[in-house]
Amino acid sequence: MKEPTRAQRRVLEFIQSEIHADRPAPTHQEIAERFGFRSTRAAACHLEALKRKGFIASEPGKVRALRVITPLQKLRSRIADIPLFGTIPAGFADGREQEASGCVSVDIGTLGFKPGPRTFALRVRGDSMIGKHIIDGDVVVVEHGQTPRNGDVVAALIDGESTLKTLVMNKGNPYLRAENPKYPALIPAHELVIDGVMVALIRKRK
């Protein structure tokens, strides 16, 4: 099921509120007046889109025969809010502490798994992971506590500095590899801590 747009959500919320209040479903004219549309055609377009996406249905020839098939509450149950803990360098390691900056909302079906309490997200800065198709501005979804394997992309703390790199095991000795030849491998002098393994990538459409 495709997600409704922001405008379509508002129309669906209006329809739901009228029906829940035991009032007749709104007409095209009432929807247009409620949202300041210049014509009823705009209201009709939003309703047709909601029908195609499976949120509402209507009976032909009846003005107030709209009924809600998929309420927004059900849609919301498919959405997961993943905490976004600031940015992570996909370049040279950075000693900054991660700052909490809200959350990212994702469709569980699109994500491919159900996030748990140890799932978090980080926004990427830099171009050291372009070989893995991870670019500046992307959001990586990371699972804390998952056992990292050779070749996994990991959020790591190397000698006290955070970075996003590929984990490589060389004869039992781990190091971090960039996926861009401009950047050197990172070999820990003292400590390498894996904060989490990348499990998904989110890219905002431009």
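Rounded to the nearest Å, what's the spacing between the alpha carbon centres of segment 131-163 and segment 36-58? Just the number, please. Taking the Cα centre of segment 36-58 as reference, the centre of segment 131-163 is 43 Å away.
Normalising the Debye intensity of the chain to I(0), with uniform scatterers on Cα atoms only, and taking log10 at q = 0.09, 0.10, 0.12 Å⁻¹ returns -0.51, -0.58, -0.71.
Think of the chain as a dipole: +1 on every Lys or Arg Cβ, -1 on every Asp or Glu Cβ, centred on the Cα centre; then among Val104, Phe85, Pro60, Pro60 lies furthest on the positive end.
More than 15 Å apart: what percent of Cα pairs in segment 6-75 qualify?
Working: 1146 of 2415 pairs.
Value for segment 6-75: 47 percent of Cα pairs lie more than 15 Å apart.
Listed by chain and number, the aspartates and glutamates placed with their C-alpha closer than 12 angstrom to that of Lys53 are Glu3; residues fewer than eight positions away on the same chain are left out. When peptides 31-37, 127-133, 144-150 are ranked by their average number of other Cβ atoms within 10 Å per residue, the highest-first order is 127-133, 31-37, 144-150. Over 23 Å apart at the Cα level, from the set Lys132/Lys182; Lys51/Lys114; Lys114/Lys171, are Lys51/Lys114; Lys114/Lys171.
Restrict the search to segment 98-206; then list the GluC sites (Glu not before Pro) that DSSP places in a loop and that have at most 12 other Cβ atoms within 10 Å of their Cβ.
On the way: sites: Glu99, Glu143, Glu161, Glu179, Glu191; in loops: Glu99, Glu179, Glu191.
Counting only loop positions with at most 12 other Cβ atoms within 10 Å, the GluC sites (Glu not before Pro) in segment 98-206 are Glu99, Glu191.
Just so you know, all these numbers are worked out from the coordinates, no wet-lab data involved. What you are looking at is a predicted structure, and each value in this text was computed from that prediction instead of being measured. Don't worry about glycine lacking a Cβ; one is built from the backbone with ideal geometry, like all the others, and counts go over all protein chains shown.
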